[in-house]
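S.K.: Below is one structure. I have some questions about it.
Coordinate-derived values only; no laboratory data. In this text, all values refer to a predicted model and were calculated from it rather than measured experimentally. Note that each Cβ is placed from the backbone with ideal geometry, even for glycine, and that neighbours are counted across all protein chains shown.
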Amino acid sequence: DQQVKQNSPSLSVQEGRISILNCDYTNSMFDYFLWYKKYPAEGPTFLISISSIKDKNEDGRFTVFLNKSAKHLSLHIVPSQPGDSAVYFCAASRAQGGSEKLVFGKGMKLTVNP
Amino acid sequence: ETGVTQTPRHLVMGMTNKKSLKCEQHLGHNAMYWYKQSAKKPLELMFVYNFKEQTENNSVPSRFSPECPNSSHLFLHLHTLQPEDSALYLCASSQGQGNIQYFGAGTRLSVL
């Protein structure tokens, strides 16, 4: 049973517009959430994270929103740039810095068209 | 120099071969991981090492044998693999198991 779900396999947006990537989770014990970006032929790179004590975390063009009651988080990229085209993975764990491992979603391919 | 280095980047092997994947991290982390990424599947955690001790084996077949001689190095020894083992194998490290993991570029393995 997948505990972290990224139900949309792909998203295509125009340069300059907003990209919204969604992620749902089933385990209510998760309290730390991360987004990773992966280019072809490279390993995933950490993008942004959020702890369950917050509902929003912003870093430049990237903002992650967390809705604990809905067990849903989203990544907003504004404005989107062609260099943002990559596969994005959502991940969750039960305790930041603790002994629990990260659980990853399947990933979603974002294409930003010039 | 990148934080997590994996070698080789590409590997083709027959089902009777024995080969090893190597991972080295220069970040001073204490936890290291092996993941398998097959097409259209989530990242599958294989093994976790924390301070050189294996803390998780995620029901991985014995034809995959990990080795962690110290906190900076992690190996994955391969023998008598199957074609379905062809995948991207990723190594990662973190400071503490629940924290941000930093990944290497991966080894693309093809088993013929």
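S.K.: Which ³J(HN,Hα) values, rounded to whole Hz and listed in residue order, are derived for segment A:3-14 from phi using the Karplus coefficients 6.51, -1.76 and 1.60 in 6.51 cos²θ - 1.76 cosθ + 1.60 with θ = phi - 60°, glycine and proline given as x?
M.R.: 8, 10, 10, 10, 7, 9, x, 7, 8, 10, 9, 8
S.K.: Tell me, which cysteines of chain B are without a disulfide-compatible partner by the Cβ under 4.7 Å rule?
M.R.: Cysteines of chain B left without a disulfide-compatible partner: B:Cys68.
S.K.: Multiplying the sequence separation of B:Leu112 and B:Gln95 by 0.36 nm and subtracting their Cα-Cα distance, what value in nm do you get?
M.R.: Roughly 2.5 nm would be gained on extension.
S.K.: Full-extension gain between B:Lys41 and B:Arg63, please, as 0.36 nm times their residue separation minus the C-alpha to C-alpha distance.
M.R.: Numbers: separation 22, 0.36 × 22 = 7.92 nm, distance 2.10 nm.
That pair, B:Lys41 and B:Arg63, stretches by 5.8 nm at full extension.
S.K.: Under the rule of at least 5 residues apart or a separate chain, name every residue whose amide H is placed under 5 Å from the amide H of B:Met46.
M.R.: Amide H to amide H, under 5 Å and 5 or more residues apart or across chains, B:Met46 pairs with B:Trp34, B:Tyr35, B:Lys36.
S.K.: Pick from A:Phe65, A:Phe33, A:Phe89: which is most flexible by mean-square fluctuation in a GNM of chain A where alpha carbon atoms under 10 Å apart are linked?
M.R.: Evaluated over chain A, the most mobile residue of the options is A:Phe65.
S.K.: Another one. In segment B:38-85, how does Rg compare with the Kirkwood Rh, expressed as the Rg/Rh ratio over alpha carbon atoms?
M.R.: Radius of gyration relative to Kirkwood radius: 0.99.
S.K.: Full extension from B:Glu84 to B:His26: what is 0.36 nm times the residue separation minus their Cα-Cα distance, to one decimal in nm?
M.R.: Values: separation 58, 0.36 × 58 = 20.88 nm, distance 3.17 nm.
Gain in length upon complete extension: 17.7 nm.
S.K.: Same structure, new question: Hey, got the average number of other protein chain Cβ atoms within 10 angstrom for residues in A:42-49?
M.R.: That average works out to 5.
S.K.: Among A:Ser12, A:Ser69, A:Ser28, which one shows the highest mean-square fluctuation when chain A is modelled as a Gaussian network with alpha-carbon springs under 10 Å?
M.R.: A:Ser69
S.K.: Please report, in debye to the nearest 20, how large the charge dipole of segment B:23-70 is about its Cα centre when each Lys and Arg carries +1 at its beta carbon and each Asp and Glu carries -1 there.
M.R.: Values: 5 positive and 5 negative charges, 55 e Å.
Roughly 260 debye for segment B:23-70.
S.K.: Here's a follow-up. Residue by residue through segment A:24-30, what is 3J(HN,Hα) from phi via Karplus (6.51 cos²θ - 1.76 cosθ + 1.60, θ = phi - 60°)? Round to whole Hz and write x for glycine and proline.
M.R.: 10, 9, 10, 8, 5, 7, 4
S.K.: How large are Rg and Dmax for chain A when calculated on the C-alpha trace, in angstrom?
M.R.: Here Rg and the maximum Cα pair distance are 13.5, 43 Å.
S.K.: Using the Cα atoms of the protein assembly as shown to build a convex hull, what is its mean projected area in square nanometres?
M.R.: 12.4 nm²
S.K.: May I pose another question? Which far-off residues, 5 or more places away or on another chain, put their amide H under 5 Å from the one on B:Ser20, with H placed in the peptide plane?
M.R.: For B:Ser20, whose amide H was placed from the backbone, the distant partners under 5 Å are B:Leu78.
S.K.: Further, regarding this structure: Please identify, among A:Gly16, A:Gly60, A:Gly43, the residue showing maximal mean-square fluctuation in a Gaussian network model of chain A using a 10 angstrom Cα cutoff.
M.R.: Greatest mean-square fluctuation among the candidates belongs to A:Gly60.
S.K.: Beyond 18 Å, how much of the Cα-Cα pair distribution for chain B remains, as a whole percent?
M.R.: 43 percent
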